[in-house]
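Worksheet: the structure to be examined is printed underneath.
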Amino acid sequence: AVSFKGVKNLLTLRDFSTPQILQLIRRSLELKQQLTAERKGANIELAQPLAGKTLGMIFTKRSTRTRVSAETGWAYFGGHPMFLGKEDIQIGGGEPLKDTAVVVSSMVDALLARVGAHEEIEIIAENSTVPVINALTAKYHPLQGLADVMTLYETSFKDPLTTVDRFGLPLPLLPPMKIAWVGDANNIINSLLVTLPRLGPVHLSVATPKGYNCDPDVVNFAIGEATGGDQNGTVEFVKDPRAAVKDSDIIITDTWVSMGQESEKAKRLQDFAGYQITEKMAKEGGAKPDWKFMHCLPRKQEEVDDEVFYNPKRSIVFQEAENRKYTVMAVYEMLMLWAKQ
Ligand code: CP
Ligand code: NVA
């Protein structure tokens, strides 16, 4: 079995090895099977490993998917999730994150936090006595990264759970594929950059406009893993969206205006002209005929039109969103159970 001994937090997937990431995805796929069978009426005896345990959820930004998946997932395991929005707790009145982390962690069993700069989640982790889960910072969104990887497994294998890996990994590596990112240089692509090059012969082509470049620290890590790793992943950075989508199996994007960047909206809409994902641009760029579309949501029309977004043959965005639930549940098991074994 893959060891998680000594793992305390999930701040970025960069801190996790390939076998550890694959073990989390494997468990997410199993949980999906179980919860789906239950919804269909199967009578499964619930283990409630988190009975009596409380999750503190500090959010200084809005959320739909992260909040709902995190709360329902924790409750499924018998625990009590406690949502602490910034207007409801003293953070809104200026109490420092550090003091908040010390106090709240003295009363709960784990913390999950959505904050601004990545340093903020690091401050919470440094001052918390319980495990901390990053629920989005400006630099990384590891819970989304896991759901995206899970969705890629579902798309790439008929049944990933029964496909035996020759190398003894929890799941086989991803098959050869090209993934195009067309959009902003943000927390979502950063999370993919620190994972995908390590998960198989995946070619990740990243198109961002002039003046928008991924964090150099993330780029260096991705290039290092891609060139030095043995999974044969590759990464490239381009400015022309059509170059990125050429021969792609998957096209991914996200909003052009992330939370906290609202004042830059007008400039960004101009700078991202030509980056909207449409059937026409994918065709002109030479994407594979059966390319699939992914997006972490929430989505705006400027980055992808309705024809692509609502086409069930193209778009796997709602499957990707649902997978947020199973992946956060696997993270809970990792931090609350596996890491302690
Ligand atoms: N993808 C995602 O994190 O969505 P929310 O902002 O709704 O949580
Ligand atoms: N890049 C977006 C993701 C939202 C889930 C943001 O940070 O606002």
Exercise for the section: Arrange Ser263, Ser191, Ser248 by Cβ neighbour counts within 10 Å, fewest through most, would you? Expected result: Ser263, Ser248, Ser191
Handout entry: Distance violations [Cα-Cα > 28 Å] among Lys139/Lys283; Lys5/Lys53; Lys53/Lys292; Lys32/Lys313
Key = Lys139/Lys283; Lys53/Lys292
Practice task
With just the Cα atoms of the chain, tell me how far they stretch along each of the three principal axes, in Å, largest first.
Solution key: 56, 49, 42
Exercise for the section: Sorted from largest down, give the three principal axis spans of the alpha carbons of the range 66-201, whole angstrom values. Expected result: 51, 37, 24
Completion exercise
Here the Cα Rg-to-2.2 N^0.38 Å ratio for the range 8-149 is 1.08
Handout entry: Set of the range 75-104 residues, backbone N closer than 18 Å to the point 7 Å along the Cα-Cβ line of Ala42
Key = 76-77
Exercise for the section: Give a residue-ordered list of calculated ³J(HN,Hα) values for the range 285-302 (Karplus: 6.51 cos²θ - 1.76 cosθ + 1.60, θ = phi - 60°; whole Hz; x for Gly, Pro). Expected result: x, x, 5, 4, x, 9, 4, 10, 10, 10, 6, 6, 6, x, 10, 10, 5, 4
Completion exercise
When Phe272, Phe237 are arranged by how many other beta-carbons sit within 10 Å of their Cβ, fewest first, they go Phe237, Phe272
Practice task
Name the long-range amide H neighbours of Val235: under 5 Å, sequence gap of 5 or more, or other chain; modelled H, no Pro or chain starts.
Solution key: Leu204
Practice task
Quick one: dipole size for the range 144-321, taken about the Cα centre, charges +1 on Lys/Arg Cβ and -1 on Asp/Glu Cβ, in debye to the nearest 20.
Solution key: 300 debye
Problem - Semi-axes of the equivalent ellipsoid for the range 142-186, Cα gyration tensor, largest first, Å - result: 23, 12, 10
Exercise for the section: Please work out the Cα center distance from the range 228-258 to the range 281-317, rounded to the nearest Å. Expected result: 14 Å
Exercise for the section: Just subtract the alpha-carbon distance of Thr162 and Lys86 from 0.36 nm times their residue separation and send over the number in nm, one decimal. Expected result: 23.0 nm
Handout entry: Zone residues, the range 65-80, relative to Leu297, backbone N less than 19 Å from point 7 Å out along Cα-to-Cβ
Key = 65-74
Problem - Expected 222 nm ellipticity per residue - DSSP helices of 4 or more, -39500 (n - 2.57), all of the chain, to 500 - result: -11500 deg cm²/dmol
Completion exercise
For the range 9-15, Karplus-derived ³J(HN,Hα) couplings (6.51, -1.76, 1.60; θ = phi - 60°; whole Hz; x for glycine and proline) come out as 10, 10, 9, 8, 5, 4, 6
Exercise for the section: Please list the non-local residues whose amide H lies under 5 Å from the amide H of Trp181, H modeled 1.01 Å from N, same-chain partners needing a gap of 5 or more. Expected result: Ser205, Val206, Ala207, Ile252
Practice task
May I ask you to evaluate 6.51 cos²θ - 1.76 cosθ + 1.60, the Karplus curve with θ = phi - 60°, for each residue of the range 42-59 and list the ³J(HN,Hα) values in order in whole Hz, giving x for glycine and proline?
Solution key: 4, 9, 9, 6, 7, 8, 10, x, 10, 4, x, 9, 10, 10, x, 10, 8, 10
Handout entry: Taking the range 167-254 and dividing mean pair separation by its residue count, relative contact order in percent (alpha carbons under 8 Å, at least six apart)
Key = 40 percent
Exercise for the section: Could you check how many percent of all C-alpha pairs in the range 196-341 are farther apart than 19 Å? Expected result: 62 percent
Practice task
May I ask you to derive the relative contact order of the range 67-130, considering only C-alpha pairs under 8 Å and at least 6 residues apart, and to give it as an integer percent?
Solution key: 28 percent
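Each reported figure results from applying straightforward, stated rules to the coordinates on display, with no laboratory input. As the structure is a computational prediction, the values presented were derived from the model and not from experiment. With ideal geometry, Cβ positions are generated from the backbone for all residues, glycine too; neighbour counts draw on all protein chains shown.
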